[in-house]
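Asker: Dropping the structure in here first, questions after.
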Amino acid sequence: MEYIKRDIDTLVLEVSGSYSAVIITGPRQVGKTTTLRRLLGEGCRFVSLDNKENRQLAISDPELFLSLYPAPVIIDEVQYAPELFPYIKMEVDNGAPAGSYLMTGSQMYQLMKLAGESLAGRVAILRMSGLSQHEIYGSGECLPFTVTLCALQKRAQYGTPADVLGQYERIWNGSMPAHISGKHENRDIFYSSFIDSYIDRDIKDMVDLKDEFLFRDFVRAAACRAGEMLNIHAIASDVGVSDDTAKTWLGYMEKSGVIFYLRPFSNNLLNRTIKKTPKLFFFDTGLVAFLTKYSSPEILMNGAINGSILENYVVSEIIKTYTNNALPYYVHYYRDIDSKEVDMILESDGELHPIEIKKTASPQTKLVNAFKVLDKASMPRGTRAVICTRKDLSALDKDTMIVPVWAI
């Protein structure tokens, strides 16, 4: 098995050298624990709260638990024992050295809440995603995605070109380290096991789940609509649950990092015409391809979801370029009552950068006509882009870049 260097490694080392407590959060199996143990594991104890005996001790007697596992220690899936946080706070306040408490957790929202309540101002929190395209296929420095010629040329220099099929192979394979590294070569078995583990370890801890198979069908129904505007009623109808249940289950999927939303762009000058519904995305396109039963990249490339899964891939990859640098990102989409739509709007340096995402290798000027709606916004419209399956970096005009998906 080959270890794939993570773009976030430098930040992990940086914060562990200056904070007594560090939390790395993100979905299951994205490499949180592997990264910590590889970078900081030497001379550091390790304990996982996935182990029910360890978890019970941490809950019932947190002081004893921390005595048995004194700092420096890596505590895996720390959200299972919120009782630990006040005691870790006391240790930090008493002068615990930098890197004393290194923690991971897959229930992101719960961890943020716990950290905010007990360790506010005392903990560094980093968010980790699945492998980025840059980590798997690229080289050089990981930079936040921006729509400027100089930045795009640099990205293209460090990326590895892919034709249309090659790009869909990347989408189909996904971003999970254990599969991409070769540790688990059989993709179908890996993703099937991932879903089993996710339901057993995350969902059952958040909800009294009476029918695991129904929830599995629900996750599949949501995957069929990845990259689309959220339609709770349609997803609920597919599996025969109420809209309220669907809303609740989607909330659990978001809290555990399996899905995320792209919120609609709005400001005071555009509010009357904008749809308020978010778009639904999955953190990993390999999981989407598995759940929607596409058996090969070729079939996926020509299948009904080829456009929406490409959009899912592009949006998630752009967001990773920010989270891997521990930077906030301001990404939205636009759709109005006249069906004018902008797939993605990146807010950067006081400008709005509209982005269209298309499977085509030969984008036409008409693709960017909808960008004009942003001229009414309170922020100026900056350089725009079409991200597509073209083989090389190009331009439609001086204001519109054509960006290959492989160069993100």
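Asker: I'm trying to understand the selection: among the residues of the range 167-204, which are surrounded by fewer than 16 Cβ atoms within 10 Å (Cβ to Cβ) and either touching a Pro at 6+ places or on another chain (Cβ under 6 Å) or under 26 Å from Thr321 (Cα atoms) (or both)?
Answerer: Gly182, Lys183
Asker: On to the next question. Are there any helices (runs of 4 or more DSSP H) wholly within the range 195-258 with 3 or more residues that are under 16 Å from Arg28 (Cβ atoms), and if so which?
Answerer: Because the criterion is at least 3 residues that are under 16 Å from Arg28 (Cβ atoms), the helices (runs of 4 or more DSSP H) in the range 195-258 that meet it are 212-223, 243-255.
Asker: Output the residues belonging to the range 370-393 that are assigned to a strand (DSSP E or B) and open to solvent by less than 30 Å² (accessible area, probe 1.4 Å).
Answerer: Correct list: Ala385, Val386, Ile387, Cys388.
Asker: Here's something else I'd like to know. Can you name every one of the helices (runs of 4 or more DSSP H) wholly within the range 1-84 that holds 2 or more residues which are of a type in the set (Ser, Thr, Tyr)?
Answerer: Because the criterion is at least 2 residues that are of a type in the set (Ser, Thr, Tyr), the helices (runs of 4 or more DSSP H) in the range 1-84 that meet it are 9-16, 32-40.
The rows are residues; the columns are (1) open to solvent by 60 Å² or more (accessible area, probe 1.4 Å); (2) within 17 Å of the chain's Cα centre (by Cα).
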| residue | (1), (2) |
| --- | --- |
| Met206 | no, no |
| Lys210 | yes, no |
| Ala221 | no, no |
| Val241 | no, no |
| Tyr261 | no, yes |
| Pro264 | no, no |
| Leu280 | no, yes |
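Asker: Working only within the range 108-148, note down all residues that are within 20 Å of Tyr329 (Cα to Cα) and open to solvent by 70 Å² or more (accessible area, probe 1.4 Å).
Answerer: Of everything in the range 108-148, those that are within 20 Å of Tyr329 (Cα to Cα) and open to solvent by 70 Å² or more (accessible area, probe 1.4 Å) turn out to be Tyr109, Met112, Arg127, Glu141.
Asker: Does Tyr87 satisfy the criteria of being aromatic (Phe, Trp, Tyr), open to solvent by 30 Å² or more (accessible area, probe 1.4 Å) and more than 24 Å from the chain's Cα centre (by Cα)?
Answerer: Criteria met by Tyr87.
Asker: Would you point out which residue out of Asp76, Asp93 is acidic (Asp, Glu) and within 20 Å of the chain's Cα centre (by Cα)?
Answerer: The unique qualifying residue is Asp76.
Asker: Next up: Would you confirm whether or not the range 285-302 contains a residue that is among the basic types (Lys, Arg), at positive phi and in a loop (DSSP other than H, G, I, E, B)?
Answerer: yes
Asker: With Ser60, Ser18 as the choices, which residue is under 19 Å from Asn325 (Cα atoms) and either free of Cβ contacts under 8 Å to residues at least 24 places away in the same chain or open to solvent by 30 Å² or more (accessible area, probe 1.4 Å) (or both)?
Answerer: Sole residue among the options that is under 19 Å from Asn325 (Cα atoms) and either free of Cβ contacts under 8 Å to residues at least 24 places away in the same chain or open to solvent by 30 Å² or more (accessible area, probe 1.4 Å) (or both): Ser18.
Asker: Scan the helices (runs of 4 or more DSSP H) fully inside the range 105-178 and keep the ones with 1 or more residues being over 25 Å from Phe290 (Cα atoms).
Answerer: Hits in the range 105-178: 108-118, 149-158.
Asker: Go through the range 353-369 residue by residue and tally those that are within 16 Å of Val147 (Cβ to Cβ) and either assigned to a loop (DSSP other than H, G, I, E, B) or at pLDDT below 95 (or both).
Answerer: 4
The values are calculated or read from the model by the stated rules, or taken from the named source; none is laboratory data. Treat the numbers as computed from the prediction; the structure is a model and nothing was measured. Cβ sites come from the backbone with ideal geometry, for glycine too, and all protein chains shown count toward neighbours. To get the accessible areas, we keep the full protein, side chains included, count just its heavy atoms, and leave off ligands, DNA and RNA. Shrake-Rupley method; radii C 1.70, N 1.55, O 1.52, S 1.80 Å.
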